[in-house]
1. Hey, any idea what the orientation-averaged projected area of the convex hull of chain A's Cα atoms comes to, in nm²?
2. Cβ under 14 Å from A:Lys19's Cβ, A:Lys19 left aside: what net charge do those residues give with Lys, Arg +1 and Asp, Glu -1?
3. Which of rounded, prolate or oblate describes region B:1-151 when judged by the alpha-carbon gyration tensor and an a/c cut-off of 1.5?
4. State the volume of the convex hull built on the alpha-carbon positions of the protein assembly as shown, expressed per residue in Å³ and rounded to an integer.
5. Find which of A:Ala136, A:Leu61, A:Val109 sits farthest along the positive direction of the dipole of chain A, computed with +1 on the beta-carbon of Lys and Arg, -1 on that of Asp and Glu, about the Cα centre.
6. Give, rounded to the nearest 20 debye, the magnitude of the charge dipole that region B:14-155 has about its Cα centre when Lys and Arg contribute +1 at Cβ and Asp and Glu contribute -1 at Cβ.
7. For a quick check: sort A:Arg92, A:Arg68, A:Arg28 by the number of other beta carbons within 10 angstrom, fewest at the front.
8. Please state the shape class of region B:11-60: rounded when a/c is under 1.5, otherwise prolate if a/b exceeds b/c and oblate if not, all from the C-alpha gyration tensor.
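Please treat every number below as a calculation from the coordinates, not as lab data. Worth saying up front: this structure is predicted, and the values here are computed from it rather than measured. Please note: Cβ atoms are built from the backbone with ideal geometry, for glycine as well, and neighbour counts cover all protein chains shown.
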Amino acid sequence: MIYADFECPRCAFAWERIKDSQLRLGLRYFPVSSRHPRANAAAAAAEAAGRQDMFWEMVDLLFGDQGRLDDPHLWGRARDIGLDLEQFDRDRRSPEVESLIADSFRNAVRAGVMATPTILVDDSLHQGVPDLGDVALWESGRSR
Amino acid sequence: MTVLSVGSEIPAFSLGKADGERFTEADLAGNTTILVFYPFAFSPVCTDQFNIYEEVLSDIHSRGAAIYGVSCDSSYAQTAFIEKFNVSIAQLSDFEPKGAACEAFGVKHPGGFPERALIVVGPDVKVAWSYQAASPGELPGANLLFDGLDSLAEQV
């Protein structure tokens with residue numbers, strides 16, 4: 001489980017390290033909006049894409065170009081992966097999605113997440129970008 | 001030197017506010033207050049720490065608590081720090097005499113700057129909960145702020 005902020009460069013690096021691994025992945029939103037003003041909007045875009053079964057595709061596109069996270073860039077990504085744009089916009093702006101992201105942040109804080117990226121593997125929190133050795137160990141079912 | 005322990009009376013102290021006024025033990029009476037002692041404005045860990053705390057500020061306020069950052073930086077440096085990083089948590093300066101309040105709270109590092117520590121002060125102006133990081137480079141998670149507030153709630 002990766003706790004991530006889509007505007008955090010270290011999260012993008014961590015994503016590159018784990019995205020093609022054999023790990024079963026989960027993602028929790030940890031947008032630090034005072035540092036990253038578009039982090040919430042990007043998290044909402046991922047959640048909205050997920051409601052059209054394109055969550056990981058959007059996650060990859062968001063991490064892949066963190067310099068372009070304004071609304072037209074999000075619409076462009078949504079178009080590229082074939083989302084219904086009106087539905088995408090309704091979902092990403094909905095109070096339900098806003099509340100889900102806020103709850104994700106609160107729960108992460110309660111779980112002891114202090115910064116991004118943090119990766120939870122087998123009840124153990126790993127802070128920072130994992131090195132290739134970490135990923136290999138996790139894939140083999142062992143924790144460092 | 002270690003941070004004041006639970007139940008300790010808050011000593012007399014005086015810290016500078018951004019508006020030039022002083023903040024003293026009298027400002028703690030009747031309130032729940034979280035004091036966040038941190039080594040240096042603009043240092044990487046301090047920046048991460050305040051950005052994360054900013055995200056839970058509304059939750060802290062909804063618990064009826066106020067929160068302040070405390071360092072030995074000047075008020076001007078503290079103001080520049082929080083403006084630069086979009087943080088609204090008020091800052092208190094222990095600039096002159098440098099570190100006097102930190103010493104009174106038991107958090108003055110031998111290097112002349114504050115240890116990274118958290119103190120929850122109850123309305124009775126006593127320490128309700130305190131925490132000192134093992135090293136100034138260790139970031140205390142925001143979960144600790146709520147542990148502190150929970151601890152105070154259990155004492156009431």
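1. Quarter of the Cα hull surface area: 8.1 nm².
2. Working: positive: A:Arg17, A:Arg24; negative: A:Glu16, A:Asp20, A:Glu57, A:Asp60, A:Glu139.
Around A:Lys19, the charge tally is -3.
3. Details: a/c = 1.21, a/b = 1.07, b/c = 1.13.
Verdict is rounded for region B:1-151.
4. Values: hull volume 42.8 nm³, N = 300.
Dividing the Cα hull volume of the protein assembly as shown by its residues yields 143 Å³.
5. The Cα lying farthest towards the positive end belongs to A:Val109.
6. Working: 8 positive and 19 negative charges, 45 e Å.
So the dipole magnitude of region B:14-155 works out to roughly 220 debye.
7. Numbers: A:Arg92 23, A:Arg68 14, A:Arg28 19.
So the ranking, lowest neighbour count to highest, is A:Arg68, A:Arg28, A:Arg92.
8. Values: a/c = 2.29, a/b = 1.44, b/c = 1.59.
Verdict is oblate for region B:11-60.
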